[in-house]
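The values are calculated or read from the model by the stated rules, or taken from the named source; none is laboratory data. From a predicted model like this one, the values you see are computed outputs, not experimental measurements. So basically every Cβ, Gly included, is an ideal-geometry build from the backbone, and we count neighbours across all protein chains shown. For the accessible areas, the whole protein counts, side chains as well, though only heavy atoms, and no ligand, DNA or RNA atoms are used. Shrake-Rupley method; radii C 1.70, N 1.55, O 1.52, S 1.80 Å.
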Amino acid sequence: QVQLVESGGGLVQAGGSLRLSCAASGRTFGSIALGWFRQAPGKEREFVAAINWSGAHTYSTDSVKGRFTISRDNAKNTVYLQMNSLKPEDTAVYYCAAAYGSSWLAGLGYDYWGQGTQVTVSS
């Protein structure tokens, strides 16, 4: 069982930066993959970025490559999403999620979810 709590969202102007954090509880944090998803109003949920249990392997969707960086600190049971050069189209609720299986890279198998944090980018 894993509990996830996101923080760090807010309102920022286009071109600005935010860092999202996701604190996890549970004794198996070091063995799970973690991902960030987002959902904008009226749109489907989008798989944004993910990182494997060790941090050695990551994924990011094309629209955020070069701007967003996912990382994790297993000693702190925390995963981060550093978002730079933000655009209005990045506006969404961002969710942290955890996966135990091998399909994490495909955005599948995420069984545990946080409550979400709002990111709003003004033009």
Mind listing whichever residues of region 56-90 are of a type outside the set (D, E, K, R) and more than 28 Å from Ser25 (Cα to Cα)? Ser63, Gly66, Ser85, Leu86, Pro88
Residues located in region 22-40, provided they are farther than 20 Å from Thr91 by Cα and open to solvent by less than 10 Å² (accessible area, probe 1.4 Å): Phe29, Ile32, Ala33, Leu34
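I need a count of the residues in region 86-111 that are open to solvent by 50 Å² or more (accessible area, probe 1.4 Å) and either hydrophobic (A, V, I, L, M, F, W, C) or at pLDDT below 95 (or both). If you could, list the steps in order and put the result at the bottom.
Looking only at region 86-111, we keep the residues that are open to solvent by 50 Å² or more (accessible area, probe 1.4 Å), and these are 87-89, 95, 100, 102-103, 105-106, 108, 111.
If we keep only those that are either hydrophobic (A, V, I, L, M, F, W, C) or at pLDDT below 95 (or both) too, we end up with 100, 102-103, 105-106, 108, 111.
Qualifying residue count, region 86-111: 7.
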Of the numbered conditions (1) within 20 Å of Gln13 (Cα to Cα); (2) open to solvent by 70 Å² or more (accessible area, probe 1.4 Å); (3) not acidic (Asp, Glu), Thr120 satisfies every one except a single condition; which is it? (2)
Residues located in region 86-101, provided they are closer than 21 Å to Asp62 by Cα, in a loop (DSSP other than H, G, I, E, B) and not hydrophobic (A, V, I, L, M, F, W, C): Lys87, Thr91
List the pairs whose first member sits in region 11-26 and is farther than 29 Å from Ala75 by Cα, whose second member is of a type outside the set (S, T, N, Q) and in a loop (DSSP other than H, G, I, E, B), and whose Cβ atoms are under 7 Å apart, counting only residues at least 6 apart or on separate chains? Val12/Leu86; Ala14/Leu86; Ala14/Lys87; Gly15/Leu86
